[in-house]
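Asker: Questions regarding the structure given below will be posed in turn.
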Amino acid sequence: MPPDSPPAATPAPELPISAPPSLFALFVAFAKMSLAGFGGVLVWARRGIVDQHRWMTADEFNETYALCHFLPGPNVVNLSVVFGSRFRGIAGGVAAFAGLLGPPVVIVTILAALYARFGEIESLRRILAGVSCAAVGLLLSAVFRMMMPLIKRRDLVGLVVLAAVFTAIGLLRLPLPAVLLPAIPLSIAITFARRRRATA
């Protein structure tokens, strides 16, 4: 008799979503993100929301962050308000917003006063240049992790749209509105067609 074939590997199930956070938990979580987010909070926001607290799946985080790109204002600030409002209404949005901006404003105000006095020191400039390199690395890490749901699903169309938008804005330096004007309705149409085909 031929030997039994090994069982097919099954993908690991996603961890269950945790209970909605309280107002205090929202404030503390976003305060931690902002205090850890040297050079940008996106990396720590995704890690805290998806990996640590499991308040959203990776896909939900990507969709929410994509929505925040199309709202006026800084993307991560928009994310805090949208995320907090989703779970705790207006009070949740205010709590997440206060946690994100409150502690850094105090720290930056103190650092600005110190920089005004000691900013001409050459060693300090070199330190800041090194910090900027680390910030770029953190940003690239967050981008890669946000791409993983598309790669795992082998979503070729989504990756092509992503590459096209990156090329148009990052390499060709086309204006953001000129790129998003066709990209947004195209992405919505593709998603609508796929969901309609899946439910047919």
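The values are calculated or read from the model by the stated rules, or taken from the named source; none is laboratory data. Remember, predicted model here, so these are calculated numbers, not experimental data. When we count neighbours, we look across all protein chains shown, and the Cβ atoms used for this are built from the backbone with ideal geometry, even at glycine.
Asker: May I ask you to say which residue of SER123, SER187, SER85 is among the small types (Gly, Ala, Ser), surrounded by 13 or more Cβ atoms within 10 Å (Cβ to Cβ) and farther than 20 Å from VAL41 by Cβ?
Answerer: Of SER123, SER187, SER85, the one residue that is among the small types (Gly, Ala, Ser), surrounded by 13 or more Cβ atoms within 10 Å (Cβ to Cβ) and farther than 20 Å from VAL41 by Cβ is SER187.
Asker: Okay, next question. Scan segment 34-49 and give yes if some residue there is modelled with pLDDT under 90, over 21 Å from ILE188 (Cα atoms), part of a helix (DSSP H, G or I) and of a type in the set (S, T, N, Q), otherwise no.
Answerer: yes
Asker: Still on this structure, please answer the following. Collect the residues in segment 61-73 that are on the phi < 0 side of the Ramachandran plot and surrounded by fewer than 16 Cβ atoms within 10 Å (Cβ to Cβ), keeping them in residue-number order.
Answerer: To start, the set of residues in segment 61-73 that are on the phi < 0 side of the Ramachandran plot comprises 61-72.
Matches in segment 61-73: GLU63, ALA66, LEU67, HIS69, PHE70, LEU71, PRO72.
Asker: So, in segment 40-60, of the ones that are surrounded by fewer than 19 Cβ atoms within 10 Å (Cβ to Cβ) and touching a Leu at 6+ places or on another chain (Cβ under 7 Å), which residue ends up nearest to VAL136 (Cα to Cα)?
Answerer: GLY40
Asker: Restrict the check to segment 102-109 and report whether at least one residue is out of contact with any helix residue (DSSP H, G or I) (no Cβ under 6 Å at 6 or more places or on another chain), hydrophobic (A, V, I, L, M, F, W, C) and either farther than 27 Å from ALA29 by Cα or not in a helix (DSSP H, G or I) (or both).
Answerer: no
Asker: Of a type outside the set (Val, Ile, Thr), in contact with a helix residue (DSSP H, G or I) (Cβ under 9 Å, 6 or more places away or on another chain) and not assigned by TED's automatic domain parsing to the domain that holds SER34: is that true of ALA142 in this structure?
Answerer: Details: of a type outside the set (Val, Ile, Thr): yes; in contact with a helix residue (DSSP H, G or I) (Cβ under 9 Å, 6 or more places away or on another chain): yes; not assigned by TED's automatic domain parsing to the domain that holds SER34: no.
Judged against the criteria, ALA142 is not a match.
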